[in-house]
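Written out below as structure tokens is the structure these notes cover.
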Amino acid sequence: MDLGIAGRKAIVCASSRGLGRGCALALAEAGVHLTINGRDEKALEETAQAIKKLSGHSPHIVRADVSSKEGQAALLKACPDPDILVNNNGGPPPKNFREIDRDALLDGVVQNMVTPIELIQAVINTMIERKFGRIINITSSSVRTPLQGLDLSSGARAGLTGFLAGVAREVAPDNVTINAILPGMFDTDRIKSMVAKQSQSRNVSEETVRNERLATIPAGRFGTPEEFGKMCAFLASIHAGFITGQNILMDGGAFRSSY
Ligand SMILES: NC(=O)c1ccc[n+]([C@@H]2O[C@H](COP(=O)([O-])OP(=O)(O)OC[C@H]3O[C@@H](n4cnc5c(N)ncnc54)[C@H](OP(=O)(O)O)[C@@H]3O)[C@@H](O)[C@H]2O)c1
């Protein structure tokens, strides 16, 4: 299927590894010109090479903390008028809710709620003027179902979801869509490090922890960044103009509900 977005411009935040990288590669394959972001230079270079190989275009690289004002300014300088914005960031580390102090609470809210909202505020008017905009937010399945120890992540992302539910309807007449993809368990560095931490703290093998997690997923496997990226590229496409304000769960059937 031709996604109809070749030559469009995209900012993909936090895209040197994992799900963000999956989105960047899928957009590159569709001919989109990319601005990628992360903090580690080596990972960014590697992803930039992969993008060039796929699309023939070298992406703009913005090495910066996307949560900082400076990082956001650098992204917007590299790509002032994106047609597509993929909001992504690291998530707060797992922690018992009693132990999260005020500073950590505020950091989590800035990371997973304030930062995507600020970037949307910065780009949405030019999208409206051009009558084309696609905003995709990477949130989490924890917006729909709680995950123990990830309360701050769930709360901040649920706040973002609520904030954007109204905004999506406000900008819909101008062919600007805002959707979220909610990952369940995907095979990325983040999942690997969570499995490693749990195996250490519980003194069981990594294989045991991994198998316990897999047993909760009807599909019997973790998701891949490639399939996540394809969903993102579809939501960014010309064909998805009638999908807005939606929260698309990709979790291999783990969340049990009839509809
Ligand atoms: N994987 C899953 O199963 C899953 C499930 C639910 C929710 N999520 C959420 O989805 C998001 C992506 O997860 P992932 O699994 O792809 O993680 P990952 O494999 O750890 O990759 C995270 C990416 O974000 C970049 N990054 C992190 N903090 C950043 C910052 N402050 N500024 C700029 N770039 C930053 C990292 O690069 P640098 O470290 O070099 O900056 C890296 O490219 C996270 O918010 C995560 O909580 C993931």
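The values are calculated or read from the model by the stated rules, or taken from the named source; none is laboratory data. Small disclaimer: the values here were computed from a predicted structure and weren't measured. Note that we place each Cβ from the backbone using ideal geometry, even for glycine, and neighbour counts take in every protein chain shown.
Restricted to the range 1-97, the set of strands (runs of 3 or more DSSP E) holding at least 1 residues that are of a type in the set (S, T, N, Q) and in contact (Cβ under 8 Å) with a residue 60 or more places away in the chain comprises 84-87.
In the range 9-34, what residues are within 12 Å of the ligand (Cβ to nearest atom) and in contact with a Cys (Cβ under 6 Å, 6 or more places away or on another chain)? Scanning the range 9-34 gives Ile11, Val12, Cys23. Do we have Leu182 as within 16 Å of the ligand (Cβ to nearest atom), buried (at least 19 other Cβ atoms within 10 Å of the Cβ) and not in a helix (DSSP H, G or I) here? Spelling it out, Leu182 is indeed within 16 Å of the ligand (Cβ to nearest atom), buried (at least 19 other Cβ atoms within 10 Å of the Cβ) and not in a helix (DSSP H, G or I). Within the option set Phe228, Phe242, Phe234, being aromatic (Phe, Trp, Tyr) and within 16 Å of the ligand (Cβ to nearest atom) holds for one residue only, Phe228. Residues considered: Arg144, Arg134. Of these, the only one that is touching a Leu at 6+ places or on another chain (Cβ under 7 Å) and surrounded by 22 or more Cβ atoms within 10 Å (Cβ to Cβ) is Arg134.
For the range 185-201, the set of residues classified as surrounded by 14 or more Cβ atoms within 10 Å (Cβ to Cβ), of a type in the set (A, V, I, L, M, F, W, C) and at pLDDT below 95 consists of Ile191, Met194, Val195, listed by residue number.
Within the range 113-157, restricting attention to residues that are of a type in the set (Lys, Arg) and part of a loop (DSSP other than H, G, I, E, B), the residue that is nearest to Met231 (Cα to Cα) is Arg144. Scanning the range 80-119 for residues that are of a type outside the set (Val, Ile, Thr), in contact with a Ser or Thr (Cβ under 8 Å, 6 or more places away or on another chain), within 13 Å of the ligand (Cβ to nearest atom) and within 23 Å of Ala233 (Cβ to Cβ) yields Asn87, Asn88, Asn89, Gly91, Asn112.
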